Amino acid sequence: MIYKNYPMVSNVVFGRGSFDQLEEILASKRKGRNAPFIFYVDDVFKGNHWLTSRITLSYKDKIIYVPTKEEPRTEQIDQLVEDVILEFSELPSGIIGIGGGIVMDVAKAVSLMLTNKGESKDYQGWDLIKHPAIYHVGIPTISGTGAEVSRTTILTGPVRKLGINSDYTPFDQVILDPELTKDVPRDQWFYTGMDCFVHCVESLNGTYLNAFSESYGEKAFELCKEIFLENSLSDEEAQDKLMMASWHGGMSIAYSQVGVAHAMSYGLGYLLGIKHGIGNCIVFDHLEDYYPEGVTIFKQMKAKHNIELPQGICADLDDDQLNTMIDVALSLEPLWENAIGKNWKTVMTRQKLLELYKKM
Ligand code: NAD
Ligand code: ZN
């Protein structure tokens, strides 16, 4: 048996207001006047001086706002990499991603592709990256995905939606400042928070579970119940705790795997462009046969926060479209094996998946 030698984020700061330490952290990493820091910032912060005035730009440093209506695509990453190469005479000193899962994934992917030849679609998969990335920093502004701690960056490419999973993908530095999440809209807070909850349920109920994953998963699961079901927390406490739940949920799946909801949600994302968080919620709502306890708790959380999920999104799909979603979902073999076991192909047939999708 060979055990995974899992790469971790090398440095992490946690605390309200810790965002202000960014300048000092970056100072020692600057490679020269012509090697800028590039800040990818969620475009929701355009004109938000509370945040942007705290980013110090020196020499050729640059802020690039990233639209977040759609999840990142491989061509988008390739374009961003080309823009950097054409604009600057030297490689950047560092790439900083400030935002949700989308912006953090963009920062990770650009930092990898600046040092690895070719197109990003060629690296979708496991351990295809050959050279270390540029120094990269992740600063979440919404909590739940675990992208701040994971060894992947999820991209939609011409043929697949799949991450660039590699030992070089994790951030070199993360700043966890829960105050940055204070203005997240309510629905989005729920969807991205539920991504974390679903990570825990899928990890804790998977066949890949081990003590490492369990210890992180249980902690994150308890934090999610406290945040989404109890009334005792102040806004600040809830923000602090969800940021840590996201981290723990990410650590839990790092050493196990996600399951049915993620596999099916990738199908919805690929075909219909439905985003990760809400897609997981739409699917998870119908998974009582696979995760009975988790789905019961999820429904309580949904009711408590008056969340109305879209219904009937697959009602008008034709057979080709349904087949595409089923193909995408079934291609994620490790997720099914974790969820159901080695014999998963006999349990999760195309017909079974079709019936599930048709309920959504
Ligand atoms: P997101 O990045 O899609 O952002 C969701 C919305 O929240 C956007 O409209 C954004 O502008 C807004 N937002 C973010 N911070 C805000 C703030 N502080 N105030 C107001 N609005 C704010 O959301 P997400 O759920 O964090 O990320 C989803 C993405 O993450 C998907 O692309 C998914 O594939 C990816 N993902 C990656 C991993 C990984 O390990 N790399 C894991 C899970 C998901
Ligand atoms: Zn997820």
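Odds and ends about this structure:
- Test for Val81: is it within 15 Å of ligand 1 (Cβ to nearest atom) and either modelled with pLDDT under 95 or not in a strand (DSSP E or B) (or both): no
- Here Arg16 does not fit the description of being over 30 Å from Leu272 (Cα atoms) and in contact with a Phe, Trp or Tyr (Cβ under 7 Å, 6 or more places away or on another chain).
- When restricted to residues that are within 21 Å of Asn5 (Cβ to Cβ) and within 16 Å of ligand 1 (Cβ to nearest atom), region 112-127 contains 5.
- From the list Phe190, Phe197, the one residue that fits, being more than 10 Å from ligand 1 (Cβ to nearest atom), in contact with a helix residue (DSSP H, G or I) (Cβ under 6 Å, 6 or more places away or on another chain), under 29 Å from Gly15 (Cα atoms) and in the same structural domain as Phe298 (by TED's automatic domain parsing), is Phe197.
- Scan of region 72-95 for residues that are under 19 Å from the mean Cα position of the chain (by Cα) and crowded, with 20+ Cβ neighbours inside 10 Å, ordered by number: Pro72, Thr74, Ile77, Ile95
Per-residue answers, yes or no, for (1) buried (at least 21 other Cβ atoms within 10 Å of the Cβ); (2) assigned to a strand (DSSP E or B); (3) charged (D, E, K, R):
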position: Ile142; (1), (2), (3): yes, no, no
position: Glu148; (1), (2), (3): yes, no, yes
position: Pro158; (1), (2), (3): no, no, no
position: Asp167; (1), (2), (3): no, no, yes
position: Glu179; (1), (2), (3): no, no, yes
position: Asp195; (1), (2), (3): yes, no, yes
position: Glu202; (1), (2), (3): yes, no, yes
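- Counting only residues that are modelled with pLDDT of 95 or more, more than 10 Å from ligand 2 (Cβ to nearest atom) and more than 18 Å from Lys358 (Cβ to Cβ), region 258-274 holds 1 of them.
The values are calculated or read from the model by the stated rules, or taken from the named source; none is laboratory data. Fair warning: this is a prediction, and the values are worked out from it, not measured in the lab. With ideal geometry, Cβ positions are generated from the backbone for all residues, glycine too; neighbour counts draw on all protein chains shown.
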